[in-house]
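Quick notes on the structure that follows.
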Amino acid sequence: MAIRQRLAQPGTSGRVQARRPVRCVRLNVSAGGKVYIDPVKNECAAFAPATVANLGPGFDWMGCAVQGGGDTVVARVIPGKPGVVEIAAIQGDGGRLSLDPAKNCIGVAATETLKLVGAVSCGVSLTLNKGLPLGSGMGSSAASAAAAAWAVNGLFGAPVSKDKLILAGLASEAAVSGYHADNVGPSLLGGFVLIRSCKPGEPVELLQLPFPNPERLHFVLVNPKFEAPTAQMRAVLPKETPMKSMINNCCQGGALVAGILTGDVKLVGESLDRDVIIEPVRGPLIPGMMAVKEAAKAAGAFGCTISGAGPTAVAIVDDPAVGERVAEAMCAAFRSAGKLDVNTSQVVKLDPEGAKFV
């Protein structure tokens, strides 16, 4: 059975249903009687995994966490600076990301997490290790935000549940790529996550969908040397959709959910392969993408589509050996049809845990 979570946005009324970890919070009281929350450790590191969002017809409402790559954030206490957030260093970004916490997703996520924790007695310094390439279609910004939120939360004994920390992740995503939870939700919670409701100023509703046979589900992820910024890929989306196309995507989206809940790997692959609204306009912007899609299926994949906004391509198989053959075919297609070199090629499983302390 799916786990239903409803999160109230700050400043709105709404019931919160969330699993809470054991609290371990140390409080102190100032001379004026104000209660401050002290950290329970001086340093905390967290890792958050890559994600595959959209999954074809699940545009903006479906995503999952996958094993393999991800981002790591180390949070350290800054004594005597209540609520202050600083970014000490960023590694693996080629110097492209800002150290200004107001302009970086980890800084925004950390700031929002401190608000959720309460009146803290210290500040936080962050170090980010980027394990995911920028603009990859694998939830790079969401992984950074999720890792930052979980690491900062960990400094105070993790008093805020992952469910509620999605609000911090959403604020971070809104600052860099748009207000959507199909990446940050899975990166924090793990597994498959369906976004039932996600609108600014309204409660957020997420459904975690259990996959019964995780050992049989394998994702083939091929990331070419080509950047597809989310803003640019959203700019090409159609303003109106024909009824026939909408019906098709509703059918395939329903089949995708059915495949997940029943553990039917083939149905998952076939369903994500049949998007007729988003992929047809985004695919041509990624050199060789349509050839990659056909090559993946010819090599044995059940289906192939764009991961997130791209350019990473994702294919579904039920056998890692088949996955390796599919990966080779996809890489060859990117090189021949798209004239693109390949950054990474991997066959990975579903990540059921999401963000974790390391």
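The values are calculated or read from the model by the stated rules, or taken from the named source; none is laboratory data. Because the structure is predicted, anything quoted here is derived from the model rather than measured. Cβ: placed from backbone, ideal geometry, glycine included. Neighbour counts: every protein chain shown. In case anyone asks, the SASA skips ligands and DNA or RNA and just uses the protein heavy atoms, side chains included. Shrake-Rupley method; radii C 1.70, N 1.55, O 1.52, S 1.80 Å.
Counting only strands (runs of 3 or more DSSP E) that sit wholly inside region 104-213, those with at least 2 residues that are over 30 Å from residue 265 (Cβ atoms) are 122-129.
Residue-wise test of (1) out of contact with any Cys (no Cβ under 8 Å at 6 or more places or on another chain); (2) in the same structural domain as residue 120 (by the TED database); (3) at pLDDT below 95.
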position	(1), (2), (3)
172	no, yes, yes
190	yes, yes, no
193	no, yes, no
229	yes, no, yes
232	yes, no, yes
235	yes, no, yes
238	yes, no, yes
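Evaluating residue 293 against the criteria (1) out of contact with any Cys (no Cβ under 6 Å at 6 or more places or on another chain); (2) not in a strand (DSSP E or B) leaves one unmet condition, (1). Residues that are assigned to a helix (DSSP H, G or I) and surrounded by fewer than 16 Cβ atoms within 10 Å (Cβ to Cβ) were ranked within region 333-349; the one that is nearest to the chain's Cα centre (by Cα) is 335. Residues in region 258-284 that are modelled with pLDDT of 95 or more, open to solvent by 70 Å² or more (accessible area, probe 1.4 Å) and either closer than 17 Å to residue 306 by Cβ or not in a helix (DSSP H, G or I) (or both): 274 alone. Taking the listed residues 119, 110, 143, 148, the one that is in the same structural domain as residue 37 (by the TED database), within 17 Å of residue 38 (Cα to Cα) and in contact with a Leu (Cβ under 7 Å, 6 or more places away or on another chain) is 110, with no other qualifying.
Taking the condition within 25 Å of residue 314 (Cβ to Cβ), buried (at least 17 other Cβ atoms within 10 Å of the Cβ) and either among the polar types (S, T, N, Q) or assigned by the TED database to the domain that holds residue 182 (or both), does residue 131 pass? For residue 131, the condition - within 25 Å of residue 314 (Cβ to Cβ), buried (at least 17 other Cβ atoms within 10 Å of the Cβ) and either among the polar types (S, T, N, Q) or assigned by the TED database to the domain that holds residue 182 (or both) - is met.
Residue by residue, here is whether (1) surrounded by fewer than 21 Cβ atoms within 10 Å (Cβ to Cβ); (2) more than 28 Å from residue 317 (Cα to Cα); (3) touching a Phe, Trp or Tyr at 6+ places or on another chain (Cβ under 9 Å) holds:
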| site | (1), (2), (3) |
| --- | --- |
| 188 | no, no, yes |
| 192 | no, no, yes |
| 196 | yes, no, yes |
| 214 | yes, no, no |
| 239 | yes, yes, no |
| 247 | yes, no, no |
| 250 | yes, no, no |
| 256 | no, no, no |
